[in-house]
Amino acid sequence: MAEAAAIAARPVRAKLSRDDIIMRGAMVVLALFLLVAIVLPLYFMLSKSFETYTYRFESIEFQVNDGDGWGETLNALTLGQALGVVTPERMVTSNGGRFQASEFFPDFSFRSPRLYRIRNAQEDAGGFMVGGGPVFHTEWVEVTSNDFRRVQIRPALSTGVDNYIAYVNTPSLFFSVYNSLFIAVTTTVIVIGLAFFYAYALTRTCMPFKMLFRVIALIPILAPSLLPAISLVYLFGNQGIIRELLMGERIYGPIGIVIGSAFWTFPHALMILVTALSISDARLYEAAVALRTSKLRTFLTITLPGAKYGLISAIFVVFTLVITDFGVPKVIGGQYNVLATDIYKQVIGQQNFQMGAVVSVVLLLPAVVAFIVDRIVQRKQVALLSARAVPLQPKPNRRVDIGMGIYCGVVAVVIVGILGMAFWASLIKFWPYNMSLSLGNYNFDVMDGGGWEAYGNSIRMALYTAVFGTMIIFSGAYLVEKGRGFEFGRGVIQFLVILPLAVPGMVLGLAYIFFFNHPGNPLNFIYGSMAILVLCTITHFYTVSHLTAATALKQMDPEFEAVSASLKAPFYRTFARITVPVCLPAILDVSIYLFVNAMTTVSAVVFLYSTDTTLASVAVLNMDDAGDIAPAAAMAMMIVYTSAGVRLLHALLTRGLQRRTQAWRTR
Amino acid sequence: MTTDKQAGEPYLRIAHVIKKFAAFTALNDVSIDIDEGEFVCFLGPSGCGKTTLLRAIAGLDIQTNGRIEQGGQDISALPPSERDFGIVFQSYALFPNLTVIRNIAYGLENRKLPRAEIDKRVRELLELVGLTGQEDKYPAQLSGGQQQRVALARALATSPGLLLLDEPLSALDARVRVHLRHEIKQLQNRLGVTTIMVTHDQEEALTMADRIVVMNQGVIEQVGTPMEIYRHPATAFVADFIGKMNFVDGTVAAAGRVKLGEVELSCDTDGMASGAPVQVAVRPEDIIARGVAADEANAFEATVEDLEFLGSSLRVDLAGENLGGQRLTADLSVNLMRELALEPGHGVTVRIPAERIRLYAAGGT
Ligand SMILES: Nc1ncnc2c1ncn2[C@@H]1O[C@H](COP(=O)(O)OP(=O)(O)O)[C@@H](O)[C@H]1O
Ligand SMILES: [Mg+2]
């Protein structure tokens, strides 16, 4: 039996089929894509946040010659400290920072006949500029007074946590952490409370007009987050039509941010809670009735715990959306600084990229924590869902139904009111002096901000994002879900595709600057182009799209691939003929999700657009910044019209598709 | 596929196959030879590794160790697309968006055959599985049994050398199942295609298979024809799993003699040492009560404890001092009951033919 032992001992090394090889190749391509789209940019940003630029005055030396030979060698640090021009705060700067050498000589005059000498005591200490390029060598450089005024000392690069220390020690910056947390927590409490009862009314009562209420509640998804802020300016601003309601409080600040944030995050919370409340077990409620449990007790002991995971998930989603949002605080935040606006100010206002990176990392922390908690909760919820339960059919109850109807009515009126305000404002000739209607505000070409071209760019960007994004994301999900073997590769990709969910738009945008604008990056050429906007947007919304696609793929019979292989069909043929047609509804969902988000997003792309690729949402921001608030409202409304139109088209398409495929879908 | 095998060589040879999932061993040194044209059933309780073995043969989950040869060629490492087989899954895995003919033609279209030839072959198959007239329906519009036939036709379309069926009938209701058993068997006879069917239903295996491979916990317990498996179960597990079987404790009294309770019976002790504790296995239908004289070989007195009426037969529980507190169940005909006037509490003389008694070492079931 020596032969038997030999057979048993030798492990089988599976031969790869052509399909396996192509799929592995595709997986490597996908992994490279994700590497470039998310991993490397984040890495560059992280390393940037540890880069510090400081002046190394101790290694700069001067000599002066007043016509009687060179005087003693003067050390810049000693000299500067004695004069009081070198302080600890002034030592820290950014990579563009320059220090005038003449500051060390209070009696300096560029007309004086005095000669100066400057040199580096060490070679690796930042150097200095004399007219032309930087000087790093340690020889004396001699200059006239006239030239000495152009001598600048350069900072040296070092790595360490100095930026973080500086951040914590700068009250104006560090206080934003508190502000951001305050806004996020307050908004989350309000939105979850409102959305929970709204979702309860939609799922657990026989309230009238349910469909209408559902549609209204989802409207904010179609608008950029800038829109509610603009509406609030019209409602409660200095010339707001109902500013008296604030009783003397100013809308510019936390109040405005909270209301605006609540508006646009409401549907996100609602969708999660409606799902959570829809999957309840009727038997529990029947038992409660049989035991004569009071309504309140039933609610507290059955309804709330049943929706527990949905609630936790919704809380973290809203919290993350608010803390990472840039649009609302930018428009209506006034002097109230939050983390997202700080990044913008540091980068766009002060060109302090290192500090921008530090704030980004700070902003990344709560988002990552929320992300991890949400992942854990999601995993538990799956187990909950798989238990077979009897769906609950709500029973009419006049008092509850009418009460809930009124409640939902009030919420719906507020939502429609905020949207309607922006709509109305966009049509007013000259608020508040000439209230006649006109389309003048839509004449974007006569205004700064990008004009109709920006709108066209947005449409193009959204289309590219939807088309290429869906193709990449669906194929990627297919590889992960249906690939054979290569567990390691699939595991890596599975992790990478979840990553974008934890990265706020502002952070992603800034990370893209660091990575793609790096002179050594061979992909540098896409910087400032449409391509980088599309890439950034696809990445920003990758995870949710991937999960939608993966869910649809999971529902397909896992043996399709096995049968195809036995029939010698290459996998791409089965992919095209079976997988894609069967998953078409999910594919449409993904593409519409990408399109609408590409239309409304502002946080990531605000760092990446160029004059040729201004987007509609960025135009809203810029026009609002410039005080053209009515045109800003008009452009925001253009985004709403477009998103709504596309959604409607999607609904019709899906309906048509369903009719066409009814024969094979019915069961 | 060309077969360059010599006469007498098996068509499929599975040698020392081991399959591990991490630390768990799902198949432990499995070897079987299957001849061309055979209908073989893998039978065993759920989780014993039948599907794992089938998937290894198909190349869908390649074994960790061991060799598989088909038609004289070592296919151990080949991916499914380079092997020669058709497969039907329990779920059928019919493509939901393709009509019946498109489903059946799916494999033919990959071979770039002329349209007319494909159509001809599809018609043939439709007729073969009795689905003429259903060609333009979608799978969701068919009954379970019809879907099953489509899956079968699709697997057979490319005339594979090997047909693999993984619990093909278990999703159907009982009546359709019995009907389809028969049909599949006939189809297999007509086409002569070597077939392996996985099932956990012993009746299915006994009625359909030329040979049965009984598996348990990743190893093969016995391979044999249905009759062999039923008549001469090699292990206590097989004896228990297939058909109904009495197990009573006994000891080997001497070579060719076993003692259970007070009774000593002759039987084949197969070299077991005298005094060894054994399990004595007897099928209910092998206990004879008609015309048994008390002094006949292997005859003994027992007491009727309980009677269960099963329609054409009776299930009779026998006990009594002779059996030492143990119990035997016998299948007796209703006529016999009337003849012997069997009633609970009455005595009856029964006989167990020596060749129908099987002994297994005590401790295993
Ligand atoms: N992919 C897998 N990973 C881990 N364990 C598996 C896997 N597939 C099967 N098993 C285990 O191997 C054993 C045999 O499974 P299977 O062959 O499906 O049994 P059956 O005889 O019911 O078809 C079971 O215990 C099962 O849990
Ligand atoms: Mg199985």
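What follows is calculated from the coordinates using simple rules that are stated; it is not laboratory data. From a predicted model like this one, the values you see are computed outputs, not experimental measurements. Note that each Cβ is placed from the backbone with ideal geometry, even for glycine, and that neighbours are counted across all protein chains shown.
Observations on the structure shown:
- Relative compactness, region A:154-286, computed as alpha-carbon Rg over 2.2 N^0.38 Å: 1.48
- Taking the inverse of the mean reciprocal distance over all distinct Cα pairs, the Kirkwood hydrodynamic radius of region A:165-425 comes to 20.1 Å.
- Backbone HN-Hα couplings from phi across region B:195-200 [Karplus 6.51/-1.76/1.60, Hz, Gly and Pro as x]: 10, 10, 10, 9, 7, 10
- On the principal axes of its alpha carbon atoms, region B:163-292 extends 52, 37, 25 Å, with the longest extent given first.
- Long-range HN-HN contacts of B:GLU221 with modeled amide H, under 5 Å: B:VAL214, B:MET215, B:ASN216
- Cα centroid of region A:570-618 to Cα centroid of region A:250-277, whole Å: 25
- Normalised by 2.2 N^0.38 Å, where N counts its residues, the alpha-carbon radius of gyration of region A:538-667 equals 1.44.
- For region B:236-365, dividing the convex hull volume of the Cα atoms by the residue count gives 100 Å³ per residue.
- Remark: the A:LEU291-A:SER438 segment gains 46.6 nm on full extension, using 0.36 nm per residue and subtracting the alpha carbon distance.
- Annotation for A:GLU249 and A:VAL85: the two label points, set 7 Å from Cα along the Cα-Cβ direction, are 5.1 nm apart.
- Distance-filtered residues of region A:26-54 - backbone nitrogen under 17 Å, label point 7 angstrom along A:GLN494 Cα→Cβ: A:27-28, A:31
- Using the Karplus relation 6.51 cos²θ - 1.76 cosθ + 1.60 with θ = phi - 60°, the per-residue 3J(HN,Hα) values for region A:458-472 come to 4, 4, 4, 4, 5, 5, 4, 4, 5, 6, 5, x, 4, 4, 5 Hz, with x marking Gly and Pro.
- Size of charge dipole - the protein assembly as shown - debye, nearest 20, with Cβ of Lys, Arg +1 and Asp, Glu -1, no other charges: 2980
- Binned Cα-Cα distances of region A:114-188, short to long, each 10 Å bin given as a whole percent: 16, 27, 17, 18, 12, 7, 1
- Cα-based reach from A:LYS48 at 19 Å (exclusive), listing aspartates and glutamates while leaving out same-chain residues under 8 positions away: A:ASP162, A:ASP342
- For region B:157-171, the Karplus equation 6.51 cos²θ - 1.76 cosθ + 1.60, evaluated at θ = phi - 60°, returns couplings of 4, 8, 6, x, x, 9, 10, 10, 10, 9, 6, x, 10, 6, 8 Hz by residue, with Gly and Pro reported as x.
- Within the shell defined by Cβ-Cβ distances under 14 Å, the residues around A:LYS345 carry a net charge of -1, with Lys and Arg each +1 and Asp and Glu each -1.
- Kirkwood analysis of the Cα pair distances in region A:259-321 returns a hydrodynamic radius of 12.9 Å.
- Cα-Cα P(r), region B:1-128, percent of pairs per 10 Å interval: 11, 33, 32, 20, 4, 0
- The slack between B:HIS182 and B:GLU135, meaning 0.36 nm per residue of separation minus the straight C-alpha distance, is 14.6 nm.
- Pairwise inverse Cα distances across region A:52-159, averaged and inverted, put the Kirkwood hydrodynamic radius at 13.9 Å.
- Bridging of A:LYS330 to lysines at a Cα separation below 18 Å is possible for A:LYS345, once same-chain residues fewer than 8 apart are set aside.
- Note on chain B: GNM, Cα springs under 10 Å; of B:ASN103, B:ASN335, B:ASN246, the largest mean-square fluctuation is that of B:ASN335.
- Residue-averaged 222 nm ellipticity for chain B, from DSSP H runs of 4+ at -39500 (n - 2.57), nearest 500: -7000 deg cm²/dmol
- Top positive-direction residue, dipole computed over region A:165-425 with Cβ charges, set A:ASN337, A:VAL414, A:GLY256: A:VAL414
- Peptide A:10-21, shielding by other chains (average Cβ, 10 Å cutoff): 5
- Most tightly packed first, judged by the mean number of other beta-carbon atoms within 10 Å of their residues, the peptides A:572-582, B:210-220 read B:210-220, A:572-582.
- Sorted on the mean count of surrounding Cβ atoms within 10 Å across their residues, most packed first, peptides A:595-604, A:82-91, A:156-165 read A:595-604, A:156-165, A:82-91.
- Sorted by Cβ neighbour density within 10 Å, fewest at the top, the residues B:ASP119, A:ASP107, B:ASP317: A:ASP107, B:ASP119, B:ASP317
- Fewest-first sequence of B:ASP173, B:ASP295 by Cβ atoms within 10 Å of each Cβ: B:ASP295, B:ASP173
- If the chain linking A:SER278 and A:ARG10 were pulled fully straight, counting 0.36 nm for each residue of separation and taking away their Cα-Cα distance, it would gain 91.1 nm.
- Cα-only radius of gyration and Dmax that characterise chain B, units Å: 25.0, 78
- Cα centroid separation, region A:9-77 to region A:392-468 (Å): 44
- Two-site FRET efficiency, A:VAL446 against A:THR78, from Cβ-Cβ distance with R₀ of 35 Å, rounded to 0.05: 0.05
- Sites A:PHE136 and A:PHE174 - FRET efficiency at Förster radius 41 Å, r taken between beta-carbons, to 0.05: 0.70
- For B:ASP33, the residues whose modelled amide H falls within less than 5 Å of its own, excluding neighbours fewer than 5 places apart on the same chain, are B:ILE14.
- Residue-averaged beta-carbon neighbours from other chains (10 angstrom radius) around A:554-560: 4
- For region A:499-546 versus region B:200-265, the inter-centroid distance based on Cα atoms is 68 Å.
- Whole-number D in µm² s⁻¹ for region A:493-578, Kirkwood Cα-pair radius fed into Stokes-Einstein, 20 °C, 1.002 mPa s: 136
- Whole-number Å³ per residue for the convex hull built on Cα positions in chain A: 251
- Cα-Cα P(r), region A:448-513, percent of pairs per 5 Å interval: 3, 13, 14, 17, 20, 13, 9, 5, 3, 2, 1, 0
- Between A:MET471 and A:ALA156, the modelled label-to-label distance comes to 5.1 nm, taking each label 7 Å out from Cα in the direction of the beta carbon.
- Average other protein chain Cβ within 10 Å of Cβ, residues B:110-119: 1
- Estimated FRET transfer efficiency when R0 is 22 angstrom, pair A:TYR164-A:ILE526 (beta carbons, to 0.05): 0.10
- In terms of packing, defined here as the mean over residues of other Cβ atoms within 10 angstrom, the peptides A:560-567, B:191-198 line up highest first as A:560-567, B:191-198.
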